[in-house]
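Visitor: The following block contains the structure, expressed as structure tokens.
The values are calculated or read from the model by the stated rules, or taken from the named source; none is laboratory data. Values in this document were obtained by computation on a predicted structure and should not be read as measured data. We place every Cβ from the backbone using ideal geometry, glycine too, and count neighbours over all the protein chains shown. Just the protein is used for accessible areas: all its heavy atoms, side chains included, with ligands, DNA and RNA removed. Shrake-Rupley method; radii C 1.70, N 1.55, O 1.52, S 1.80 Å.
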Amino acid sequence: MKFIDEFRDGNVAQGIARAIAAAVSPARRYNFMEFCGGHTHAIARYGLPDLLPSEVRMIHGPGCPVCVLPIGRIDLAIKLALEDGVILCTYADTVRVPASGGLSLLRAKARGGDIRMVYAVSDALKVARDHPDREVVFFAIGFETTTPPTAVAILQAASEGLKNFSVLCCHVLTPAAIMNILDSPAVAEPGAVPLDGFVGPAHVSTVIGSRPYEGFAAQFHKPVVIAGFEPLDMMQAILMLVRQVNEGRAEVENEFSRAVTREGNVKAQKLVAEVFELRPSFEWRGLGEVPNSALRIRECYGEYDAERRYTLEYVKVEDNKACECGAILRGVKRPTDCKIFGTVCTPENPMGSCMVSSEGACAAHYTYGRYKDAAVAISSHAP
Amino acid sequence: MVEINDNDVAIVELGGVKKDISLALVEGVVVGDYVIVHVGFALTRLDPEEAARTLALMAEAGLMEPAA
Ligand code: SF4
């Protein structure tokens with residue numbers, strides 16, 4: 001396929017790998033965090049760690065939309081389906097995330113909840129049009145890529161006068177999460193998680209542009225390179241990061257210039273600003289409550305806001321104790337550090353959110369056989 | 001992108017499969033453009049010149065530094 005195959009060429013990948021190997025200085029370590037779940041997936045799928053010199057280590061960040069959704073939010077969606085009797089439309093990734101009381105959306109569906117998986121929010125609108133006698137709620141999750149489609153849907157519902165459609169808004173913001181990680185004691189204290197730079201997200205950046213990263217690149221003196229999704233994009237971005245570190249630069253560079261501009265998609269940004277406003281605080285799995293890190297529906301579109309319509313109260317729920325998703329999402333631990341990785345917790349029977357979506361760190365490691373490092377770790381710790 | 005209807009809906013081809021997507025988030029795209037699609041919406045147009053430039057940089061990276 002055009003614009004895809006060229007960016008997967010193995011020979012070119014080897015060439016960039018050689019360039020990275022030649023550029024790293026053996027005396028130092030390069031710890032880069034990829035923020036985006038799509039990148040986590042690509043790294044595992046194409047086995048990029050095998051192409052990188054040992055000096056370069058990739059750390060997964062909290063960029064998988066399903067993974068950062070806390071249990072309490074899924075509980076709200078389940079409540080809407082089971083207690084309020086709405087038709088709950090959701091992206092497919094969320095249905096297997098474990099929630100309270102041994103439930104998940106999928107299990108709630110088995111208990112009679114009318115839960116429907118949709119590919120696009122426009123499908124949820126269609127469900128609402130087709131069932132004028134039922135209430136339809138769209139479970140809106142994700143970063144800046146899924147937010148504009150939700151905004152379009154709410155505006156569409158308003159212009160059609162669709163009365164039985166509302167949105168449970170759980171949209172979150174990328175720059176706020178990166179900021180939170182940089183600010184956390186785990187990163188800020190000397191000797192803690194070392195972070196030498198970020199691979200900036202691909203799709204998110206097409207919408208928000210490269211400008212939002214400039215502030216923290218300067219403030220925290222960390223380089224950021226925005227990268228496309230293909231393996232060569234990732235390799236090239238890592239090379240660019242290595243060069244910045246070597247030269248002591250902390251700039252925002254854009255490897256994905258074929259799709260990302262400094263301004264981003266202004267039309268999408270305007271639609272989002274029309275419908276949504278900042279939420280003072282939002283709980284993330286792994287990061288806890290993060291101020292100004294998520295969006296809610298503006299009052300003028302309040303009738304499309306499921307939280308207002310059903311007076312939903314968010315209740316914090318602790319994660320499963322054995323699950324290390326929180327630490328993994330902060331970049332402090334790796335999937336293989338979790339005692340139940342690949343044994344009790346598998347994609348078929350996930351215990352935590354990181355094992356659910358293919359963009360989750362645990363699922364990506366598991367699916368692409370990178371848990372061979374797990375086997376080593378387990379046997380070396382055996383009594 | 002192979003066809004554009006009214007109402008901001010376009011038909012795109014993804015590896016031989018045709019799919020309806022919304023153009024509500026982009027401006028000025030025309031048939032023949034390449035777009036990045038996410039959850040049923042075109043997010044942005046791909047710039048072929050920038051793509052070529054990036055590929056050239058990648059190829060160059062492999063040539064510049066001799067094999068270690
Ligand atoms: S392996 Fe499962 S339980 Fe362990 S951190 Fe990952 S998702 Fe959580």
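Visitor: Say whether the condition of being more than 14 Å from chain B (Cβ to nearest Cβ), assigned to a loop (DSSP other than H, G, I, E, B) and at pLDDT 90 or above is met by at least one residue in the stretch A:85-96.
Guide: Yes.
Visitor: Quick check on the stretch A:273-296. Is at least one of its residues open to solvent by less than 20 Å² (accessible area, probe 1.4 Å), within 13 Å of the ligand (Cβ to nearest atom), within 14 Å of chain B (Cβ to nearest Cβ) and part of a loop (DSSP other than H, G, I, E, B)?
Guide: No, the stretch A:273-296 has no match at all.
Visitor: Sticking with this one: Under the condition of being free of Cβ contacts under 8 Å to residues at least 12 places away in the same chain and of a type outside the set (D, E, K, R), which residue from the stretch A:55-111 is least open to solvent (accessible area, probe 1.4 Å)?
Guide: The selected residue is A:GLY102.
Visitor: Another one. Only one of (1) within 14 Å of chain B (Cβ to nearest Cβ); (2) free of Cβ contacts under 8 Å to residues at least 60 places away in the same chain fails for A:VAL242. Which number is that?
Guide: (2)
Visitor: Another question, then. Search the stretch A:248-264 for residues being under 23 Å from B:ALA51 (Cβ atoms), open to solvent by 20 Å² or more (accessible area, probe 1.4 Å) and in a loop (DSSP other than H, G, I, E, B), and hand back the single one that is nearest to the other protein chains (Cβ to nearest Cβ).
Guide: A:SER257
Visitor: Could you please find all residues in the stretch B:27-41 being touching an Asp or Glu at 6+ places or on another chain (Cβ under 9 Å) and more than 7 Å from chain A (Cβ to nearest Cβ)?
Guide: Result: B:VAL31, single match.
Visitor: Let me ask another. Test A:ALA157 against the criterion of being without any contact (Cβ under 8 Å) to a residue 60 or more places away in the chain, within 28 Å of A:SER281 (Cα to Cα) and within 14 Å of another protein chain (Cβ to nearest Cβ), and give yes or no.
Guide: Spelling it out, it is not the case that A:ALA157 is without any contact (Cβ under 8 Å) to a residue 60 or more places away in the chain, within 28 Å of A:SER281 (Cα to Cα) and within 14 Å of another protein chain (Cβ to nearest Cβ).
Visitor: I've got another one for you. Condition first: within 27 Å of A:VAL121 (Cβ to Cβ), within 14 Å of another protein chain (Cβ to nearest Cβ) and either of a type outside the set (D, E, K, R) or within 8 Å of the ligand (Cβ to nearest atom) (or both). Can you find one or more residues in the stretch A:325-334 that meet it?
Guide: No, the stretch A:325-334 contains no residue that is within 27 Å of A:VAL121 (Cβ to Cβ), within 14 Å of another protein chain (Cβ to nearest Cβ) and either of a type outside the set (D, E, K, R) or within 8 Å of the ligand (Cβ to nearest atom) (or both).
Visitor: When the stretch A:335-368 is examined, which residues are found to be surrounded by 24 or more Cβ atoms within 10 Å (Cβ to Cβ), assigned to a loop (DSSP other than H, G, I, E, B), within 9 Å of the ligand (Cβ to nearest atom) and of a type in the set (Gly, Ala, Ser)?
Guide: Listed by number, the residues that qualify are A:GLY352, A:GLY360.
Visitor: Would you check if A:THR311 is more than 10 Å from the ligand (Cβ to nearest atom) and without any contact (Cβ under 8 Å) to a residue 40 or more places away in the chain?
Guide: Yes; evaluated as a whole, the condition is true for this residue.
Visitor: In the set A:ILE78, A:ILE87, which member is in contact with a His (Cβ under 9 Å, 6 or more places away or on another chain), assigned by TED's automatic domain parsing to the domain that holds A:LEU103 and within 21 Å of A:THR150 (Cα to Cα)?
Guide: A:ILE87
Visitor: Kindly establish whether A:VAL137 is within 10 Å of chain B (Cβ to nearest Cβ) and within 28 Å of A:ALA177 (Cβ to Cβ).
Guide: So A:VAL137 fails the test.
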